[in-house]
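One structure below.
The values are calculated or read from the model by the stated rules, or taken from the named source; none is laboratory data. Being a predicted model, the structure only gives us computed values, none of them experimental. Cβ placement follows ideal geometry from the backbone for every residue including glycine, while neighbour counts extend to all protein chains displayed. What goes into the accessible areas is simple: the full protein's heavy atoms, side chains included, and nothing from ligands, DNA or RNA. Shrake-Rupley method; radii C 1.70, N 1.55, O 1.52, S 1.80 Å.
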Amino acid sequence: FRKKVVAINNIIKNIADNSGSNVKFADVYSFRFKARDVSDLDCFHPSMSGQARIAEMIWKSGFYR
């Protein structure tokens, strides 16, 4: 499964890299969750702090570094 996700991410990154300056790729696959970053409700989705950390990671890799 990991190989497939990495391969798909590489395809998406390649498309983004060749789509001009209006498209950015943020590699959130490398995000490492901590216990506090996972929702208490279903243990599958990010908690509010986890979502904030992911958003910060995406923001920093975007247009407004």
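Of the residues making up segment 52-61, one or more are outside any helix (DSSP H, G or I) and small (Gly, Ala, Ser).
Of all residues in segment 22-40, those that are free of Cβ contacts under 8 Å to residues at least 40 places away in the same chain and closer than 12 Å to Gly50 by Cα have Cβ atoms under 6 Å from Cβ atoms of residues that are assigned to a loop (DSSP other than H, G, I, E, B) and open to solvent by 90 Å² or more (accessible area, probe 1.4 Å), 6 or more apart or on another chain, in Ser39/His45. Filtering segment 15-28 to residues that are out of contact with any helix residue (DSSP H, G or I) (no Cβ under 8 Å at 6 or more places or on another chain), open to solvent by less than 90 Å² (accessible area, probe 1.4 Å) and part of a helix (DSSP H, G or I) leaves only Ala16. In segment 51-65, the residues that are under 20 Å from Ala16 (Cβ atoms) reach residues that are of a type outside the set (A, V, I, L, M, F, W, C) with C-beta atoms within less than 6 angstrom, at least six apart or across chains, in these pairs: Gly62/Lys24. What tally of residues in segment 29-43 results from selecting those that are more than 21 Å from Asn9 (Cα to Cα) and either open to solvent by 60 Å² or more (accessible area, probe 1.4 Å) or not small (Gly, Ala, Ser) (or both)? Matching residues across segment 29-43 total 9. Checking each residue in segment 44-65 for being open to solvent by 100 Å² or more (accessible area, probe 1.4 Å) and at pLDDT 85 or above picks out Phe44, Met48, Trp59, Lys60.
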